[in-house]
1. Please report the carbon-and-sulfur percent of the accessible area for segment 477-596; probe 1.4 Å, protein heavy atoms only, DNA, RNA and ligands left out.
2. Modelling each spin label as a point 7 Å along the Cα-to-Cβ direction, I'd like the residue 612/residue 97 distance in nm, to one decimal.
3. Given the pairs 132/239; 72/217; 334/475, which are separated by over 20 angstrom at their Cα positions?
4. Would you compute the Debye intensity of segment 692-821 from its alpha-carbon atoms alone, equal scatterers and no solvent, and pass along log10 I(q)/I(0) at q = 0.21 Å⁻¹ to two decimals?
5. May I ask you to derive the FRET efficiency for residue 572 and residue 186 from their Cβ-Cβ distance with R0 = 60 Å, giving the value to the nearest 0.05?
6. Using only the Cα atoms of segment 547-690, each taken as one equal point scatterer with no solvent, compute I(q) by the Debye sum, divide by I(0), and report log10 of the ratio at q = 0.09, 0.12, 0.19 Å⁻¹.
7. Excluding ligands and nucleic acids, what accessible area in Å² is computed for residue 195 using a 1.4 Å probe, to the nearest 10?
8. Using the Cα gyration tensor of segment 198-327, with a ≥ b ≥ c the square roots of its eigenvalues, what is the shape: rounded (a/c below 1.5), prolate (a/b larger than b/c) or oblate (neither)?
Amino acid sequence: MKKNLTMTLLGALAFMAGCTSQPEGVPVTLNVAEKGASVSPSMYGVFFEEINHAGDGGLYAELVQNRSFEEKEMPEGYHVEHGRLKPAPVKNHLSGQVNHGASFHWNNEPVRAWSLQPADEAIATMRLTKEKPMFETAPNNLEVTINKADKPVQLINEGYWGMNIEKGQIYTLRVIVRKAPDYTGTITAKLLAKDGKVIGQTNIDVKQTDAWVDELKVIEPTSSDNEARLALEFDTTGKVWFDYVSLFPPTFNSRYNGMRQDVAQCLADLKPAFFRWPGGCVVEGISLSNHFDWKKTLGDPAARPGEYSTWGYRCSYGMGYHEVLQYCEDIGAKMMFVCNVGLGCQFRMGDASPESEIPTYLDDCMDAIEYAIGGLDTEWGALRAKNGHAAPFPLQYVEIGNENWGAEYDRRFDIFYKAIKEKYPQLTLIYDDMSGLREENRAIEKTDMIDPHWYVAPDFFYRNTTLFDTKQRGKWEVYVGEYACNQGVGGGNMNAALSEAAFISGMERNGDLVTMTSYAPLFENVNNREWATNLIWIDTDQVMGRTSYHVQKMYAENRPTYNIGASATTITPDSVEYRSGAIGLGTWDTEAEYKDIRVTENGKTTTLPDLAKATEVLTKLYDGTYGNNYTLELKARKISGAEGFLIFFGMSEDGKQGYRFNIGGWGNRTTALQQLYAQGDQVVSREIPQRIEEGRWYDIRIELTQRVVKLYVDGKLIIDNELKPIPQKFLASGYDEETGEVIIKFVNSADKAQVIDFTLDGVTNVTSEGRAITLKADDLGDENSMDNPTKIVPVEKAYNKFGKTFSYEFPKYSFTILRVKVEK
Ligand code: AHR
């Protein structure tokens, strides 16, 4: 009885405070009668941006790269310097200074993705030309001159790191071609397997000369190959021009100019409530001269100019606004359009359009809205109908700017908000919040939602599941539009996924404030990882959800209607200690020497061998394990190089886990303590400015007690770091009105299984049979890969021991969802 009273009080407290942490071993009480915040049906959506070839070579089904030969076009005023793209200098509106900018990746091939076979100029040549363009909007075409044709000459497109050709599918080829009168032969399109074998072909009948001919053909391959190429073969001498060469497999929902089936399905499986487009930084452009221009993404794909994407390659604009709206409709997602307010990317060039051009940007946004939902009597609504879709598309959200901030943005936001709201009161309008919810007073009049972003290390998410508990309510809702654990986790791993699962539990619990979320970025083509960690990986014939994908899917598929009372939402270890382990020495891009290395533990001093030359990160891992109460002393001297010293302690035998003092790290500017995980590392102490000089001996002393480590350099205390417990177990609980189930989500990021004793209050009956869905790994560093794409996937099983009280063992490194049927 006493226990129940305590639990009820704890439950009430949990509700008031939002989150309650309790020590291990205490039972958890869930109270279904205590109705908490609703979890919005729009909670889980997706963020799409043309980054990492997410569209071209990703979701968009086109197989031919540089199909329109526009890839050498540069944004206005840009030029190539030392093989890299340099923007035109602009005035940065925050600093008021002229910004000359960094340089960006530029493809220096003469004609990207196209080559001639044989590669011999005496036999054939090619060059880009803008003479007699088929479309003024996409003026480049490729002139091919065949000088000798005793053997066939081929113009070959390599696709996006190869093309996936499957026997049994029908491929649609479109070629816009013009031949000179001197070319009297035929042109044959051939699909070549990686060994050069022809696996499908068709003739392109060009009857006229000196005129563009737009040919549509189908190819039915005779066998499959995932690294195929497309060749256009010539059998006589003469000149031929190509304006456009496109090859499509069957698309998702059989849409014209549509999406790649497997990729589109993988995304549809997330059941996203909304689809954000076009970004991301591409909305703003490096500077305004290459900001994404949705109007140029409409109409005949062959006439679309494309644009140099902020992320280092030209995107074709093939996957345009109409196609994206159609895809949203196909998968039942609402569209979120992100408009540009006349500001270039503030992380890059930071230019602002003149005042006089603000109305132009506003009109552009209004036109986009009108295109999606305007009546047929409007200019853009009529164009939508002309493009094949008379009914309105499901546009619901407009984000006004992407990652903008400052007074200039706030002022423009107000202008856009008022104008859009007046005409389209039914739309939800979103403000960029670049403060991570830190500032409560924005200099704007009103917004419906704000959009903060987090790209962080695992510990940030583990420590911040309570972040929303105390944030202001009632002024706006929160859309966490970009978030991911992408630091110290390589391309992503289970630790990243579990930390995200923990963070989402906090967002779900605060469903009255956080009503929308989207992980970012969404896709990477594995051949072009421009951004370190992405949700879904794509290759020519494969698409794979990382562990984070499964976390997203599990949350979306198990969204409760509302939260219920819980006596605990995190379980924190009572204490933490530095791990015991080995000692090691090394450097980063530096040569150093170490001597007089002594470890004093339990009053006994051991001397370790000197290390005359350290050049590797972990050059030497000494034998022997030490506890976590000792003093390490040594002398260190930098010989040459970029940084200072790396001193490791508490290291695992494989040298992958433990800690290191990075002394004079980060370009010889900073000293800090780093924790090392199986994949990646993370700074866990304060960062202290420090520079290590060459040729000088430094006295280094590390004093370790269970929870505190101190670093002294030349007798001076530099770092004094207490290890703080990081919550490792997280619980979210809610009730699903549709199915009458309690949904319990539990994240266990610890290295041991956790048994929890549950009590379900506020119910009259609990069905013993229910379901448990578990995502688990053997190691926090584990991840799916293209070779082993299903290494870590959710496994669902029946569980028949639920009751008003029941126990459940949550495996180590796992995210588990329990679905328990109850009567109230
Ligand atoms: O998601 C990748 C990038 O991160 C987005 O383009 C941008 O909005 C953010 O900086």
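1. Ligands and nucleic acids excluded, carbon and sulfur reach 36 percent.
2. Computed distance between label sites residue 612 and residue 97 equals 4.8 nm.
3. Table pairs above 20 Å Cα-Cα are 72/217; 334/475.
4. So the normalised log intensities are -1.19.
5. 0.20
6. Debye output, listed in q order: -0.40, -0.60, -1.14.
7. For residue 195, the solvent-accessible surface is approximately 120 Å².
8. In terms of gyration-tensor shape, oblate.
The values are calculated or read from the model by the stated rules, or taken from the named source; none is laboratory data. These figures come from a predicted structure and were not determined experimentally. Methodologically, a virtual Cβ is constructed for each residue, glycine included, from the backbone with ideal geometry; neighbour enumeration extends over all protein chains shown. The area values use the complete protein model at the heavy-atom level, side chains included, leaving out ligands, DNA and RNA. Shrake-Rupley method; radii C 1.70, N 1.55, O 1.52, S 1.80 Å.
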